[in-house]
Amino acid sequence: MKRRNFLKASWLGLLALAGGESAFIGLKFVSPHVDAGEFGGLFDVGAVDDFPSGSVTPFVNGRFYLVRLNDGGFLAVYRQCTHLGCSVPWNAEQQQFVCPCHGSAFERDGEVLNPPAPRPLDLFALTIKDGQIRVDTGKRIERDHADDRYVVYPEATA
Amino acid sequence: MSDFVQRVVESISRGEPLTPTDDRSRMRAVMNNLVLHLHPSKVAAPSIKLTYTWGLGGLAVLLSAVLVVTGVMLMFVYTPSPDTAYQNMQNLQTDIRFGQLIRNLHHWSGNAMIVVVVLHMLRVLFTNALHRPREFNWLLGLSLLLLTGAANFTGYLLPWDQRAYWAITVGVSLLQYVPVVGEGIGRFILGGPEVDATTLTNFYGLHVAVIPLMLFGIMSFHLWRTRKDGFSIPRRIGTVISEKVERVTTIPHLISREAVFALVMIAILLTWAALVDAPLEEAADPAHSPNPAKAAWYFMGIQELLLHFHPFFAAIVIPVLGLVGLVVLPYLEPDVDGEGIWFLSVKGRWLALLGTVMGVAGTVLLVLVDEYVLNLPELLPSLPTILSNGWIPLAWLLGLLWLYWELLRGLFRAYRSEARLSLFCLLLASFITLTVIGIAFRGEGMALVSPL
């Protein structure tokens, strides 16, 4: 390789490097990040016994409903409609979630009762330890169908 | 002393007299002025007829200038934070002198700009001034249209009322249906999973800095290319442009027209802004979606499509197909020499009308059928909705369009250019019809209602 070509290639390489660095820094600078305690973090919502079977309790800050199914299992259901992102209120009269925007309706466990929603309401990861319920709003679970795979049951009381 | 003043003035104008009187110095004055030199120094007299250009390009420039001035004024009284934004808006409307007027001007100019840019594009298309050598300038214009849309979309959120919050929520949610990258892009734009404080600062930065800078950069490029590519010259069907078409100096012929036109437009804009207030609803409440939650009016065509198609098709496939069509359009070689002629030819005019009527009637018919008669997912329960409500209806529609094309080419013996024009009119009319249905005929739960 001639010295001229080598220098040319070096300058071009350095230029590419500088461009890449700038792009990386810029991208990282504007990328979203989540602080603990905000939405996107962990929520300690209370004791198992606070929530009777068949109850749906909204948590406004965590943007989810804590659902206790009739068989005693727990789900943390994200309130955002899977169609176009509206907030879905619980309709206690009809015993279902009904989206005001485009009329999607969901079962207590999030299953779609009425389209246009393409999939059940999303869930957040939920754990129960020593009778205390914890919801991780950073871990969203998308489902094609609402089965009992994600239902969490309290540990049997001795 | 007056010698010194004269010396300073000359240094600014690069030695040109301030009021040039002969053609030659008028042309030099255009060339030696930073702003004016985006104009040619001489133009063909017929090209600047009001009934040819309708002043639409100039009007878009005027509106963007009004938007910068009023926008900067609004920046002085607005903080992009959920804690303050809505209060700022109320303050603006009740406390700050002329606050409501400035907000109205900004709001209506922004909305008007979308309409004006689209009309400008249609004017260029219908007078066939988009082919060689202007193809690339058409693309620049197209990117200006997209940037105008982006400016409106980002500005929509800033008042932080219910209308703003949910329109942006619904708008960005459309992205989640883009395969693979959609959800990531949506998250990036919002700065998190939902519309919140981060979204507001993101949109603010884009709205006041990034988009205007890009808009003005590309706009200058667009104007300069217009000068370089030459203005198209209007003519009647069956005539050719004579070699001796009259050419006049930009100063004063074009400049004075632009100035008068701008003054009239500013008068109209001020009157409108004084009489009609920009909407402001209740403060944004992330927990309660209004019913119905509609996107911004310029997205209502797409939102209407969403009621009929699987979201992947309504929000992605069909808009992308439309955009690709607009990009390719200027590069399709015309087989009719129609530059400067409205709708190409006599037949072209009739076929454009036919396309428009078919577009309106067909869309109304299809919307009604889909609403009351046909439910494809129910008819084909074994198929996933992406087939039954996506590929299958789209294939049918494309088949119908192909039939229409064959009809134009076969029965009407239309040239390709004429058939393309007619097809474009059909699709445009269809999109406008969808938008009107979405804005005026959709009520609670997005059911069809009478607007009265």
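The lysine pair count for chain B, using Cα distances under 28 Å and pairs eight or more places apart or on different chains, is 6.
The sum of -39500 (n - 2.57) across all DSSP H runs of n ≥ 4, divided by the residue count of chain B, sets its helix-only mean residue ellipticity at 222 nm to -20000 deg cm²/dmol. Charges were assigned to the Cβ only: +1 to each Lys and Arg, -1 to each Asp and Glu. The resulting dipole of segment B:368-452 about its Cα centre is roughly 460 debye.
Using the Cβ-Cβ distance between residue B:276 and residue B:54 with R0 set to 22 Å, the FRET efficiency from 1/(1 + (r/R0)^6) comes to roughly 0.45.
Counting only other chains, and only Cβ atoms inside 10 Å, what mean value do you get across the residues of B:188-195?
Details: counts 4, 1, 2, 5, 6, 12, 8, 1.
What the average comes to for B:188-195 is 5.
If the viscosity is 1.567 mPa s and the temperature 4 °C, what Stokes-Einstein diffusion coefficient in µm²/s follows for segment B:293-452 when Rh is the Kirkwood radius over Cα pairs?
In µm²/s, the coefficient rounds to 76.
Packing around the peptides B:94-105, B:350-361, taken as the average count of other Cβ atoms within 10 Å per residue, puts them in this order, highest first: B:350-361, B:94-105. Each of A:31, B:171, B:65 was scored by the projection of its Cα onto the charge dipole of the protein assembly as shown, and the greatest displacement toward the positive side belongs to B:65; charges sit on the C-beta of Lys, Arg, Asp and Glu.
Positive end of the dipole of chain B (Cβ unit charges, origin at the Cα centre): among B:46, B:353, B:375, the Cα lying farthest that way belongs to B:46.
Taking square-rooted eigenvalues a ≥ b ≥ c of the alpha carbon gyration tensor, is segment B:1-120 rounded, prolate or oblate, where a/c under 1.5 means rounded and, failing that, a/b exceeding b/c means prolate? Kindly include the intermediate steps, with their values, before the conclusion.
Numbers: a/c = 3.81, a/b = 1.63, b/c = 2.34.
Because a/c hits 1.5 or more and a/b fails to exceed b/c, segment B:1-120 counts as oblate.
Over segment A:42-150, what is the relative contact order in percent, taking alpha-carbon pairs closer than 8 angstrom and at least six residues apart? The value is 25 percent. Helices in chain A, meaning DSSP H runs of at least 4 residues, each add -39500 (n - 2.57). Divided by all residues, the mean residue ellipticity at 222 nm is -6500 deg cm²/dmol. For residue A:28, which lysines qualify as cross-link partners when the Cα separation must be under 22 Å and same-chain residues fewer than eight apart are set aside? The qualifying lysines are A:139. How much length is gained on full extension from residue A:142 to residue A:42, taking 0.36 nm per residue of separation minus their Cα-Cα distance? Extra length available between residue A:142 and residue A:42 comes to 34.2 nm.
Quote the charge dipole size of segment B:293-452 about the Cα centre in Debye, to the nearest 20; the model charges only the Cβ of Lys and Arg (+1) and of Asp and Glu (-1). Present the calculation step by step, with values, prior to reporting the outcome.
Working: 8 positive and 11 negative charges, 39 e Å.
Dipole magnitude for segment B:293-452 comes out near 180 debye.
Under 18 Å of direct C-alpha separation, and excluding same-chain neighbours fewer than eight residues apart, residue A:129 reaches these aspartates and glutamates: A:44, A:49, A:50, A:155.
Quick one: length gained pulling residue B:34 to residue B:256 fully straight, 0.36 nm per residue minus the C-alpha distance? If you can, show how the numbers build up before the last one.
Working: separation 222, 0.36 × 222 = 79.92 nm, distance 1.78 nm.
In short, 78.1 nm is gained.
Extending 7 Å from Cα along the Cβ direction at residue B:5 and again at residue B:331 yields two label points whose distance is 5.7 nm. Along the axis of the charge dipole computed for the protein assembly as shown (Cβ charges of +1 for Lys and Arg, -1 for Asp and Glu, origin at the Cα centre), the listed residues B:111, B:200, B:289 are led at the positive end by B:111. For segment B:112-162 versus segment B:283-361, the inter-centroid distance based on Cα atoms is 13 Å.
Quick check for me: using +1 on Lys/Arg Cβ and -1 on Asp/Glu Cβ, what's the dipole size of the protein assembly as shown about its Cα centre, in debye to the nearest 20?
Details: 46 positive and 50 negative charges, 733 e Å.
Charge dipole, the protein assembly as shown, about its Cα centre: 3520 debye, nearest 20.
Quickly rank B:72-81, B:259-268 as a protection proxy: mean count of other C-beta atoms within 10 Å, highest first. Please list the in-between numbers first.
On the way: B:72-81: 15.4, B:259-268: 13.3.
Ranked by mean Cβ neighbours within 10 Å, highest first: B:72-81, B:259-268.
None of the figures in this text is laboratory data; all of them are computed from the coordinates on show. Just so we're clear, the structure is a prediction, and the values are computed from it rather than from any experiment. Here Cβ is always computed from backbone atoms with ideal geometry, including for glycine, and neighbour counts include all displayed protein chains.
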